[in-house]
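Bear in mind that the values in this text are calculations on the coordinates, not laboratory data. The structure displayed is predicted, hence computed values, not measured ones. Here Cβ is always computed from backbone atoms with ideal geometry, including for glycine, and neighbour counts include all displayed protein chains.
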Amino acid sequence: MTCLDQPPTPSLARTTASDPRLLSKPELPPSFPIIWRDSLIYEHARVGRVFNHRRPSRYPLAVVEATTEGHIVEAVRLANQLSCRVSVRSGGHSWAAWSVRDDAILIDLGKFFHFHLDGETGVLEASPSMTGRMVNRLLEPHGRMFPGGHCPDVALGGFLLQGGMGWNCRVGIHDICNTQRRDSN
């Protein structure tokens, strides 16, 4: 049985029926990749990418499957408009599934990929959803590597924010020279 086969839990049905934010959803472009809590595919969007198959009893208001920076900015604006929190999932490898938060807008970066290696400076730009395996496959032809997590499918966002435990864990977070913050402005 997969998470798509499981019926919503009674607590989810109760919160969905009584949440006024779901009754009057904001106008969004049809192409905006949002999955609301009352959607048939919500359960898969909520926990389908959680690696260890733990299914926390926490229910975001919606999941945004971002593929562009514009989607990320719009998701933050939406959360502000709805007066709810934002949570972000880069790879889904958090043991406790911290990105799955009650009544939040969950921005899932699983389809958002960016990679650029500056040939002159050797500085790498990579989105948080890039995994150690992906990054190292792209760096190898340049004679470089990134010391990612023990599991090659750990995304950079979780690796860098949740401790950076890997084969060369003294490297990693200490070598970050810049990050970009996205807000609703």
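If contacts are Cα pairs under 8 angstrom and at least 6 residues apart, what is the relative contact order of the range 32-162 in percent?
Across the range 32-162, relative contact order equals 22 percent.
Arrange 105, 34 by Cβ neighbour counts within 10 Å, fewest through most, would you?
So the ranking, lowest neighbour count to highest, is 34, 105.
Taking N as the number of residues in the range 69-134, what value does Rg over Cα atoms divided by 2.2 N^0.38 Å take?
This ratio for the range 69-134 stands at 1.33.
What span do the alpha-carbon atoms of the range 10-108 cover on each of the three principal axes, reported in whole Å from largest to smallest?
For the range 10-108, the Cα spread along each principal axis is 35, 33, 22 Å.
Find the relative contact order for the range 113-165 and round it to a whole percent, using C-alpha pairs within less than 8 Å whose residues are 6+ positions apart.
30
Quickly work out the residue 44-to-residue 83 label distance, labels modelled 7 Å from Cα along the C-beta direction, and quote it in nm with one decimal.
For the pair residue 83/residue 44, the computed spacing is 3.4 nm.
Which of 100, 29, 76 sits closest to the plus end of the dipole of the range 29-141, meaning its Cα is farthest towards the positive end, when Lys and Arg get +1 and Asp and Glu get -1 on the C-beta?
About the Cα centre, the residue reaching furthest to the positive side is 100.
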